[in-house]
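First comes the structure, then the notes that go with it.
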Amino acid sequence: MSLRVDDLMLRFGGVAALAGVSFEAASNQITSLIGPNGAGKTTLFNVVTGYLRPQRGEVRYENASLVGLRPYQVAERGIVRTFQKTSVFPAVTVRENVLIGLHLQGSSGVLAVLRGGRRVREEEARLRQAADEVLALVGLAHRADDVAGALPYGEQRLLEVAIALGARPRLLLLDEPAAGLNTGERQALIALIGRIREQGIAILLVEHDMRLVMGISDHVVCLDHGQVVARGAPAEVQVHPEVIRAYLGSG
Amino acid sequence: MSASVARLALARRPWPWLGPLLVGIVLVAAPWWLPNQYHLHIAIQAGIFAILAMSLNLLLGYTGQLSLGHAAFFGIGGYTSALLGKHLGWPVFVGMVLAVVAAGLAGYLIGRLSLRLRGAYFVLVSLSFAGVVALIAVNWMDLTNGPLGLPGIPEPAIAIPGLGEFSFRSKESYYLLVLACAAVSYFVCHRLVCSRFGRACVALRENETLAQAVGVNGTRYLVVTAVVSAAMAGAAGTLYVHYTRFVSPEIFLFSYTVTMVVMVVAGGKGTLLGPVVGAILFTILPEVLRAVTSYQWQMLVYGILLILTIFFLPKGIVPAVAGWWRRVAPRPAAATRTVAGEAEAHEPAR
């Protein structure tokens, strides 16, 4: 078991965003988190990646605790996320965006950079090549020299995934990557998620598009009011009475 | 040089180093083509302000953090080498190096104190730090001679074995010293900005939340940038006091910081050339105005020109010229070298 979340609790004032959430996300699998708006999915992402600290509970990745780490330290451990709202570096080119994503693949510090020299130049060349490979993987190679902020929405969402892939995650957390995409773009995204998985990267996915979730997930966890109400294979969760109640109400 | 010649040269770019080389020759030769010592004096001031503006631009332009206390690092650099040279009689160049170190340490202190929270906190902490340092300079009479200042600061000199001592007493030699320091500062900025380091800084400016998600340790990069920036401002400070041969608490005046911000913003923040162009223009402008208008009109015209610049070129002079150049002389995409942070000129819709 790769990522293990145990009894997470986080309250915002009187609202329990997470009320004792426990689940596991296996390596080499696609695990999806579903649940109505406000169920605590994004809060859970924020806790796992160090943006929020839980009041109780534990997050373990490959048997080391992640609680208390800052976001960049979580990234150093191979866990990289995307954001629900479109999030790129708008003023620089698409290639520069991915190069920023590749930050952890380089090692030149400020002194090395000032001295320059062959090692720094080689690293730079290596990073640029890696960036172009990532861009080819997500299908944005033709956009490499365009300014990220000028890309259409669908391509910006792909770029987000490219930035995250640049960081060479072993576990990739995608927060509603298909939100707002048209049919063609959604198909491209599904294909991309398949290619990412083939590279041996585990995925934890938050998504409202049920057809997408049920089509690609190995394991589905349903949250409601900060608690896990159902988990299992897609086919089981889909017909689980608690899931139907969470989405449709009990009236 | 006619525009068409320049256009042809850039379109093919057979010798990319040709332009910088020519600019370098013109700058080095300035003592011989400038008509008199007054013009050389302005050139020295422009060089010192160019270093200051480049230093502020590292923080403001590339990490997005505004230091309103940059005059503090300028003054710390100035006072450090002035005191070492005057009170302890240390060689001026040793004092100058230590001035850069002292300003860098001050930058580290301020960075550690405020860059964890950054944004408005950094603005306020840097501003108050400048106030505190100025008060020390005014009130520690025994050390600094208070508001009267320290006159008689020695000029830099180097002993060349076998040739005797060479002193930078003449304006010509001092200009070349300032030019060399400005060139080193530009080189440092260039190396930092066009690297993994500079990309991390730009990432923090553009989208800090996302930068952290891919492993950028925000505080660390901001503190290192603050150290480099402060050290560079310290270098400008030490060059300034050994030029005027005098230092007083006026070196900490807020107006120095404001001038730096004006130069960076008007020249084009987040570009390598912007602060240099801004520094040259806004050093020359007051002198030109002094020559052509009466005293009452000087600051008014200066203010109006500044407002017009910001209004019509909101991204600054250099990005505007670069954007115009791209439209007149389109080049294949492969030849366009983008520097991190040098955004394509996207004029906001008006």
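The values are calculated or read from the model by the stated rules, or taken from the named source; none is laboratory data. Just so we're clear, the structure is a prediction, and the values are computed from it rather than from any experiment. Please note: Cβ atoms are built from the backbone with ideal geometry, for glycine as well, and neighbour counts cover all protein chains shown.
Anything in region A:30-53 that is away from every other protein chain (no Cβ under 14 Å), assigned to a loop (DSSP other than H, G, I, E, B) and either in contact with a strand residue (DSSP E or B) (Cβ under 9 Å, 6 or more places away or on another chain) or of a type in the set (G, A, S) (or both)? List them, or say none.
A:G35, A:P36, A:G38, A:A39, A:G40, A:R53
Do we have any residue at all in region A:194-217 that's in contact (Cβ under 8 Å) with a residue 60 or more places away in the chain and touching a His at 6+ places or on another chain (Cβ under 8 Å)?
First, pick out the residues of region A:194-217 that are in contact (Cβ under 8 Å) with a residue 60 or more places away in the chain: A:197, A:200, A:202-208, A:210, A:213, A:216-217.
If we keep only those that are touching a His at 6+ places or on another chain (Cβ under 8 Å) as well, we get none.
Looking through region A:194-217, none of the residues is in contact (Cβ under 8 Å) with a residue 60 or more places away in the chain and touching a His at 6+ places or on another chain (Cβ under 8 Å).
Conditions (1) under 17 Å from B:T271 (Cβ atoms); (2) at the interface with chain A (Cβ under 7 Å from one of its Cβ atoms); (3) without any contact (Cβ under 8 Å) to a residue 24 or more places away in the chain; (4) of a type in the set (V, I, T), marked per residue:
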residue: B:C194; (1), (2), (3), (4): yes, no, no, no
residue: B:V202; (1), (2), (3), (4): yes, yes, no, yes
residue: B:G215; (1), (2), (3), (4): no, yes, yes, no
residue: B:R220; (1), (2), (3), (4): no, no, yes, no
residue: B:M232; (1), (2), (3), (4): yes, no, no, no
residue: B:Y243; (1), (2), (3), (4): no, no, no, no
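Among the residues of region B:29-43, write down those that are in contact (Cβ under 8 Å) with a residue 60 or more places away in the chain and closer than 17 Å to B:V288 by Cβ.
Across region B:29-43, the qualifying residues are B:L40, B:H41, B:I42, B:A43.
Given the criteria part of a helix (DSSP H, G or I) and modelled with pLDDT of 95 or more, does A:A130 qualify?
Taking the combined requirement at face value, the residue satisfies it.
Please determine whether any residue of region B:228-241 is closer than 22 Å to A:G117 by Cβ and surrounded by fewer than 24 Cβ atoms within 10 Å (Cβ to Cβ).
Scanning region B:228-241, I find at least one residue that is closer than 22 Å to A:G117 by Cβ and surrounded by fewer than 24 Cβ atoms within 10 Å (Cβ to Cβ), so the answer is yes.
If you check A:V67 against the conditions, is it farther than 26 Å from A:H208 by Cα, more than 8 Å from chain B (Cβ to nearest Cβ) and in contact with a Pro (Cβ under 9 Å, 6 or more places away or on another chain)?
Working: farther than 26 Å from A:H208 by Cα: yes; more than 8 Å from chain B (Cβ to nearest Cβ): yes; in contact with a Pro (Cβ under 9 Å, 6 or more places away or on another chain): yes.
In short, yes.
Looking at B:V188, B:V178, can you tell me which residue is within 14 Å of chain A (Cβ to nearest Cβ), buried (at least 18 other Cβ atoms within 10 Å of the Cβ) and among the β-branched types (V, I, T)?
After applying the criteria, what remains is B:V188.
Can you tell me how many residues in region A:105-116 are of a type outside the set (K, R) and more than 8 Å from chain B (Cβ to nearest Cβ)?
If we filter region A:105-116 for residues that are of a type outside the set (K, R), which is where we start, we get A:105-114, A:116.
Next cut, more than 8 Å from chain B (Cβ to nearest Cβ) only: A:105, A:107, A:111-112.
Selection size over region A:105-116: 4.
Find the residue count for region A:70-79, including only residues that are buried (at least 24 other Cβ atoms within 10 Å of the Cβ) and either more than 10 Å from every other protein chain (Cβ to nearest Cβ) or farther than 23 Å from A:E24 by Cβ (or both).
0
Farther than 27 Å from A:I216 by Cα, within 14 Å of another protein chain (Cβ to nearest Cβ), in contact with a strand residue (DSSP E or B) (Cβ under 9 Å, 6 or more places away or on another chain) and not aliphatic (A, V, I, L, M): which single residue out of A:T82, A:T93 fits that description? Break it down stepwise before answering.
On the way: A:T82 fails: farther than 27 Å from A:I216 by Cα.
The conditions single out A:T93.
Can you confirm whether B:L210 is at the interface with chain A (Cβ under 7 Å from one of its Cβ atoms) and at pLDDT 95 or above?
In short, yes.
In this structure, does B:S170 turn out to be more than 9 Å from chain A (Cβ to nearest Cβ), without any contact (Cβ under 8 Å) to a residue 24 or more places away in the chain and of a type in the set (S, T, N, Q)?
On the way: more than 9 Å from chain A (Cβ to nearest Cβ): yes; without any contact (Cβ under 8 Å) to a residue 24 or more places away in the chain: yes; of a type in the set (S, T, N, Q): yes.
Spelling it out, B:S170 is indeed more than 9 Å from chain A (Cβ to nearest Cβ), without any contact (Cβ under 8 Å) to a residue 24 or more places away in the chain and of a type in the set (S, T, N, Q).
Got a sec? Which of A:L140, A:L135, A:L102 is touching a residue at least 24 places away in the same chain (Cβ under 8 Å), within 23 Å of B:N207 (Cβ to Cβ) and at the interface with another protein chain (Cβ under 9 Å from one of its Cβ atoms)?
Sole residue among the options that is touching a residue at least 24 places away in the same chain (Cβ under 8 Å), within 23 Å of B:N207 (Cβ to Cβ) and at the interface with another protein chain (Cβ under 9 Å from one of its Cβ atoms): A:L102.
Looking only at region A:147-154, decide whether some residue is part of a loop (DSSP other than H, G, I, E, B) and not aromatic (F, W, Y).
Among the residues of region A:147-154, at least one is part of a loop (DSSP other than H, G, I, E, B) and not aromatic (F, W, Y), which makes the answer yes.
In this structure, is A:E24 in contact (Cβ under 8 Å) with a residue 24 or more places away in the chain, part of a strand (DSSP E or B) and acidic (D, E)?
no
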